[in-house]
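The values are calculated or read from the model by the stated rules, or taken from the named source; none is laboratory data. Just so we're clear, the structure is a prediction, and the values are computed from it rather than from any experiment. Cβ sites come from the backbone with ideal geometry, for glycine too, and all protein chains shown count toward neighbours. The protein model used for the area step is the full one, side chains on, heavy atoms only, and it has no ligands, DNA or RNA in it. Shrake-Rupley method; radii C 1.70, N 1.55, O 1.52, S 1.80 Å.
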Amino acid sequence: VQLQASGGGLVQAGGSLRLSCNASGSTSSIQLMGWYRQAPGKQREVVALIHNGGRSTYADAVQGRFTISKDNDKNTVYLQMDTLKPEDTAVYFCNAWLITIPHDYWGKGTQVTVSS
């Protein structure tokens, strides 16, 4: 599986961005997709996950501000980020979890910078 993420950029606090992650390859084996982020000097953390059935979960820090969704026809997962805060500044990574081995795939990160 290959994951191509896009949509990062620079935005002022309170603004919005939408990240996209297109999956290609053995997409029928994907069970779960999600977004993670890593800020400078910090560990990578989960932001939002979406299961095949559509159920989504969010980190407390983004609950109510971010929305994860997917377009199955396009094999694409989106992360709509609203009311962005400077602490949302990080490199955002797309992840896919497959039912086959290897289970875990990562896309290249996309930088999100929120200025105060």
Q.
Can you say what percent of the DSSP beta bridges in the chain, counting only those with both residues inside, are antiparallel? Round to 5.
A. 90 percent
Q.
Along its three principal axes, how long is the chain when you only count alpha carbons? Whole Å, largest extent first please.
A. 42, 26, 22
Q: Treating only the Cβ atoms of Lys and Arg (+1) and Asp and Glu (-1) as charged, compute the dipole magnitude of the chain about its Cα centre; round to the nearest 20 debye.
A: 80 debye
Q. Please state the relative contact order of the stretch 20-96 as a whole percent: Cα pairs under 8 Å, 6+ residues apart?
A. 38 percent
(Q) Please enumerate, by chain and number, the aspartates and glutamates with C-alpha under 16 Å from the C-alpha of LYS108, excluding those fewer than 8 residues away in the same chain. (A) GLU45
Q: Just tell me which aspartates and glutamates come within less than 20 Å, Cα to Cα, of LYS42; anything on the same chain fewer than 8 places away is out.
A: ASP60, GLU87, ASP88
**Q.** Karplus-derived 3J(HN,Hα), 6.51/-1.76/1.60, for each residue of the stretch 15-22, Hz, glycine and proline x
**A.** x, 10, 9, 10, 9, 10, 9, 9
Q.
In whole percent, and with a 1.4 Å probe on the protein chains, what portion of the accessible area of the chain is carbon and sulfur?
A. 48 percent
Q: Kindly rank 16-24, 97-105 from highest to lowest mean number of other beta carbons found within 10 Å of each residue.
A: 16-24, 97-105
Q: May I ask you to order 90-96, 44-50 by the average number of other C-beta atoms within 10 Å around their residues, highest value first?
A: 90-96, 44-50
